[in-house]
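One structure is given below, encoded as structure tokens.
The values are calculated or read from the model by the stated rules, or taken from the named source; none is laboratory data. Here the structure is a predicted model, which is why all the values come from computation and not from measurement. Positions of Cβ are generated from backbone atoms using ideal geometry, with glycine treated the same way; all protein chains shown enter the neighbour counts. Calculation scope for accessible area: heavy atoms of the full protein, side chains included, ligands and nucleic acids excluded. Shrake-Rupley method; radii C 1.70, N 1.55, O 1.52, S 1.80 Å.
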Amino acid sequence: MRAAHFFWDASLNTPVFAPWADPDAKPLIRFQNVTKSFGDFTAIDDLTLDIFEREFFALLGPSGCGKTTMMRMLAGFEEPTQGRIELAGRDIAAVPPNKRAVNMMFQSYALFPHLSVWENIAFGLRREGKDKAAIAARVEDMLKLTRLQKFARRKPHQISGGQRQRVALARSLAKAPKLLLLDEPLGALDAKLREDTQFELMDIQEKTGTTFVIVTHDQEEAMTVASRIAVMDEGKIMQVDTPDRIYEVPNSVYVADFIGDVNILDGTLTANGENSFALHYAPDQAPITARSDRPFTDGQSAHLAIRPEKVAIHKEKPEGVDNLLSGEVLDIAYLGNLSTYHVRLPGGQVVKAQIANTRRLSRRDITWEDKVWISWTFTAGVLLDQ
Amino acid sequence: MTRLSRFNVVSLTLGFAFLYIPMLILVIYSFNASKLVTVWAGFSTKWYGELLRNEQFLDAAWVTLRVAVISSTIATVLGTMAAYVLVRGGRFFGRTLFSGMIYAPLVMPEVITGLSLLLLFIGIGLDRGVLTIVLAHTTFSMCYVSVVVSSRLMSFDRSLEEAALDLGASPFDAFRLVTLPIIAPAVISGWLLAFTLSLDDLVIASFASGPSATTLPMKIWSSVRLGVSPEINALSSILIGLVTVGVISASLASKHASLRRQQETQAAARTT
Ligand SMILES: Nc1ncnc2c1ncn2[C@@H]1O[C@H](COP(=O)(O)OP(=O)(O)OP(=O)(O)O)[C@@H](O)[C@H]1O
Ligand SMILES: [Mg+2]
């Protein structure tokens, strides 16, 4: 389904959608050293970021890290304290919210309580002065898209939380803006409807070429829909990259830890070959070898981040593996399709290994307090300096 | 329903007796056949008839009604605008001073407000009459409106206005189409408050009016000084009746509205 974002770009003559990799591409949105302070609290801290046309850009980060604040600056409700924001190459500081070709879906929905669902969705269209028939047709489309036809005449207080969220989504989609800001658009929907709506959003984007900036707390959602993900912390962007790179090559322990499950082993490094390092993670254990394109100096302290699903677990000592560690099973978490084994190393560190449950439960042979071996390949982990 | 204890029954009776016995006496005496207020001479409605033939009272009533409608309408517009700017305008220079100043007339003794208005009208050479009473009433009732409206605006969810702007509404459209309909109940109660204040007012109207215009309270006050007449009792009873009907219908209307909203919500909950 990610393939939905990959189309044949004639100008680049490549089948990949990656304007951020093209030095000549002009970004649609450009944050330049933007700082936003509320009193003496800094919500956005010297942030620089480019977002390109037709992107589906996801903002990910803990609560209070400044995601909504970024969106509000794009929509025009907050002014940057310092720095500038460009939309299509022009500084937008002087453009009032109602003159920006940007629509926002509010985290709190902000539905007009005195208007029906139908009128809420039609509100933006009416401001454009479209004729009645065109408005009615567009509203019907939006109602169908969000499956709200039955509730068109209801007021916001007469519908459920998930339905309200869909009204807010429909209202912001109705005007088919160039840039759509969605602040947690699908949080209140059940899994099935959420998945359908994700596909709908991607489909809308395919058809209209709208640029989406979406805030979500759901990593899986970000992975599914986004062309790129920005991971934020305390007003700063920690990493901006494609979902696969965010997952496979995080640039810091923070990002590795924030996205998905990860094992972190701390130690000091010595070089032992070209782009190859030995991590001394415990005094009386053989070091772990790992590949890294990033340079490290001898004796530098570093962290090895390795995903649980890349760690193999064995009952018998295997032959010919890059990194082999012994340990004892501390805990087993059964997740249906997967099982996670928590293995304690002699030095006290706990490493999680995740195995797909291809066999029935009764036939698996590793249980609590078993002595086991864990292993991973030379390229499976990422060495991080911070 | 809980049963009231004897103590509660007694305090309730006393309290309400205190409030309503004077009015009850007034209403009873308005149906007195005798010209003497203190002597009961049988039931009669003749004073109500007299009242309707009394040109002076009718004139005064008409002046009062016009003044109340016009001044409360102007006061509502101005007071709502002032409240909107003070609550929404952000931190502009002198905002704290302005918002303090808008409440000052509330605590100002009426005599002083009246006197200062009188001096102003004389100073600018404005003939005193209906116009000056309207101006004076607008001046003092506007602060009441702005207090009522600004307390509603403070609890108003700002993001609704932002959503309207975001969807392309001009700031004026956002106010007209979103803010105003939502704060309408507060604006209406502000208008009603201004209206009753204007109907009520004696002191400021006395300062601001001239020989050409007399309001009902002024008329009642001046005729009572010549002795209480049964006609005044009849007039006052009519006023009490009007107020009672107004209050009861207002509370019935709001009860009906909240009941309907509740039913709608329940109906929605059932079908989803
Ligand atoms: N108007 C304001 N005045 C003062 N502080 C504010 C204001 N708006 C936001 N903040 C602060 O700025 C920080 C970032 O807020 P923001 O709403 O952007 O967070 P968020 O990333 O959207 O969080 P969440 O995921 O919980 O929605 C928070 O610490 C918040 O308290
Ligand atoms: Mg937020």
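A few notes on this one:
- Those residues of the stretch A:51-77 which are open to solvent by less than 40 Å² (accessible area, probe 1.4 Å) and of a type in the set (Asp, Glu), in sequence order: A:Glu55
- Selection of strands (runs of 3 or more DSSP E) fully inside the stretch A:20-78 by the criterion of at least 3 residues being more than 22 Å from A:Ala226 (Cα to Cα), away from ligand 2 (no atom under 14 Å from the Cβ) and in the same structural domain as A:Thr210 (by TED's automatic domain parsing) returns A:29-38, A:41-51.
- Residue check for B:Val111: open to solvent by less than 60 Å² (accessible area, probe 1.4 Å) and part of a helix (DSSP H, G or I): no
- The set of residues in the stretch A:97-115 that are within 16 Å of ligand 1 (Cβ to nearest atom) and more than 8 Å from chain B (Cβ to nearest Cβ) comprises A:Met105, A:Gln107, A:Tyr109.
- Look at (1) within 13 Å of another protein chain (Cβ to nearest Cβ); (2) away from ligand 1 (no atom under 16 Å from the Cβ); (3) closer than 18 Å to B:Leu160 by Cα; (4) of a type outside the set (Val, Ile, Thr) and you find that A:Trp118 fails only one, number (1).
- Qualifying position, being modelled with pLDDT under 90 and open to solvent by 40 Å² or more (accessible area, probe 1.4 Å), among A:Pro96, A:Pro19, A:Pro23: A:Pro23
- Residues being over 14 Å from B:Ala68 (Cβ atoms), open to solvent by less than 10 Å² (accessible area, probe 1.4 Å), of a type outside the set (S, T, N, Q) and under 20 Å from the mean Cα position of the chain (by Cα) - total across the stretch B:128-164: 2
One line per residue, one yes/no per condition, for (1) within 14 Å of chain B (Cβ to nearest Cβ); (2) touching a Phe, Trp or Tyr at 6+ places or on another chain (Cβ under 6 Å); (3) closer than 26 Å to A:Gly64 by Cα:
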| position | (1), (2), (3) |
| --- | --- |
| A:Gly161 | yes, no, yes |
| A:Asp190 | yes, no, yes |
| A:Glu206 | no, no, no |
| A:His217 | no, no, yes |
| A:Val225 | no, yes, yes |
| A:Ala230 | no, no, yes |
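- For the stretch A:204-219, the candidate set comprises residues that are modelled with pLDDT of 85 or more and open to solvent by 30 Å² or more (accessible area, probe 1.4 Å); within that set, the residue that is farthest from ligand 2 (Cβ to nearest atom) is A:Gln219.
- Considering residues of the stretch B:27-47 that are closer than 26 Å to B:Leu202 by Cβ and open to solvent by less than 50 Å² (accessible area, probe 1.4 Å) only, the residue modelled with the lowest pLDDT: B:Val37
- Spans of strands (runs of 3 or more DSSP E) in the stretch A:290-386 with at least 1 residues in contact with a His (Cβ under 9 Å, 6 or more places away or on another chain) and open to solvent by less than 60 Å² (accessible area, probe 1.4 Å): A:323-334, A:350-356, A:371-376, A:382-384
- The number of residues in the stretch B:182-194 that are exposed (fewer than 15 other Cβ atoms within 10 Å of the Cβ) and either acidic (Asp, Glu) or within 10 Å of chain A (Cβ to nearest Cβ) (or both) comes to 1.
One line per residue, one yes/no per condition, for (1) within 18 Å of A:Gln239 (Cβ to Cβ); (2) crowded, with 16+ Cβ neighbours inside 10 Å; (3) at pLDDT 95 or above; (4) of a type outside the set (A, V, I, L, M):
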site	(1), (2), (3), (4)
A:Arg2	no, no, no, yes
A:Leu12	no, no, no, no
A:Pro27	yes, yes, no, yes
A:Arg100	no, yes, no, yes
A:Asn103	no, yes, no, yes
A:Tyr109	no, yes, no, yes
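- Residue list for the stretch A:145-177, restricted to those being out of contact with any strand residue (DSSP E or B) (no Cβ under 7 Å at 6 or more places or on another chain), of a type outside the set (Gly, Ala, Ser) and farther than 17 Å from A:Arg194 by Cβ: A:Gln149, A:Lys150, A:Phe151, A:Arg153, A:Arg154, A:Lys155, A:Pro156, A:His157, A:Gln158, A:Ile159, A:Arg171
- Qualifying residue in the stretch B:60-74 (condition: surrounded by 11 or more Cβ atoms within 10 Å (Cβ to Cβ) and part of a loop (DSSP other than H, G, I, E, B)): no
- Answer residue from the stretch B:195-238, given it is free of Cβ contacts under 8 Å to residues at least 24 places away in the same chain and of a type in the set (A, V, I, L, M, F, W, C) and is least open to solvent (accessible area, probe 1.4 Å) among those: B:Ile232
- Enumeration of residues in the stretch A:181-200 that are touching a residue at least 60 places away in the same chain (Cβ under 8 Å) and either farther than 26 Å from A:Met73 by Cα or more than 16 Å from ligand 2 (Cβ to nearest atom) (or both): A:Phe199
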